[in-house]
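The block underneath contains the structure these notes are about, expressed in structure tokens.
The values are calculated or read from the model by the stated rules, or taken from the named source; none is laboratory data. Source: prediction; values computed, not measured. When we count neighbours, we look across all protein chains shown, and the Cβ atoms used for this are built from the backbone with ideal geometry, even at glycine.
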Amino acid sequence: MDIDETLVRHVAQLARLELTDAEVAGIAPQLSRIFAHVDQVQGLDVGDADPATQSPIAMDDLRRDEAGPTLDPRAVLRNAPQHDGAFLVVPRFLGDVEDGEG
């Protein structure tokens with residue numbers, strides 16, 4: 001896939017990201033390399049490997065669930081299409097609790 005600065009700017013706009021010209025110029029070649037790698041992985045012949053025969057992930061193989069740095073709430077709200085000053089505002093997608101819907 002050909003990743004150019006126009007595509008990077010378009011995707012950044014869809015994601016509501018504000019990128020400088022320098023960031024766009026740096027991201028385009030990085031994304032090209034990532035997509036080239038994905039193409040290589042998709043081209044691998046895994047034969048008739050059955051995922052059901054693979055051993056499960058052991059709990060020892062997982063990282064610890066520890067708190068880390070969080071995003072600044074003001075920065076998150078700045079990028080939100082709608083907010084009420086404290087929370088993101090999204091369209092309703094569940095029925096009323098009282099009527100048993102949802």
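Based on what the data block shows, is ALA75 without any contact (Cβ under 8 Å) to a residue 60 or more places away in the chain and over 18 Å from the mean Cα position of the chain (by Cα)? Criteria not met by ALA75.
Among the residues here, ALA86 qualifies as out of contact with any Gly (no Cβ under 6 Å at 6 or more places or on another chain), surrounded by fewer than 10 Cβ atoms within 10 Å (Cβ to Cβ), of a type outside the set (Phe, Trp, Tyr) and in a loop (DSSP other than H, G, I, E, B). Of all the listed residues (ARG33, ARG64, ARG16), the sole one being modelled with pLDDT of 90 or more, out of contact with any helix residue (DSSP H, G or I) (no Cβ under 6 Å at 6 or more places or on another chain), part of a loop (DSSP other than H, G, I, E, B) and basic (Lys, Arg) is ARG16. Does LEU71 qualify as being in a loop (DSSP other than H, G, I, E, B) and loosely packed, with under 10 Cβ neighbours inside 10 Å? Yes, satisfied. Among the criteria (1) surrounded by 10 or more Cβ atoms within 10 Å (Cβ to Cβ); (2) part of a loop (DSSP other than H, G, I, E, B); (3) out of contact with any strand residue (DSSP E or B) (no Cβ under 8 Å at 6 or more places or on another chain), the one ALA80 does not fulfil is (3).
Tell me yes or no: at least one residue of region 37-46 is surrounded by fewer than 10 Cβ atoms within 10 Å (Cβ to Cβ), over 17 Å from the mean Cα position of the chain (by Cα), at pLDDT below 80 and over 30 Å from ASN79 (Cβ atoms). So that I can check it myself, show each step before the final result.
Here is the first cut: in region 37-46, the residues surrounded by fewer than 10 Cβ atoms within 10 Å (Cβ to Cβ) are 40-46.
Imposing the further condition that a residue be over 17 Å from the mean Cα position of the chain (by Cα) reduces the set to 40-46.
With at pLDDT below 80 added as a condition, the list becomes 46.
Keeping just the survivors that are over 30 Å from ASN79 (Cβ atoms) gives 46.
Yes: one or more hits.
A residue that is farther than 30 Å from VAL90 by Cβ, surrounded by 11 or more Cβ atoms within 10 Å (Cβ to Cβ) and free of Cβ contacts under 8 Å to residues at least 12 places away in the same chain occurs somewhere in region 19-28.
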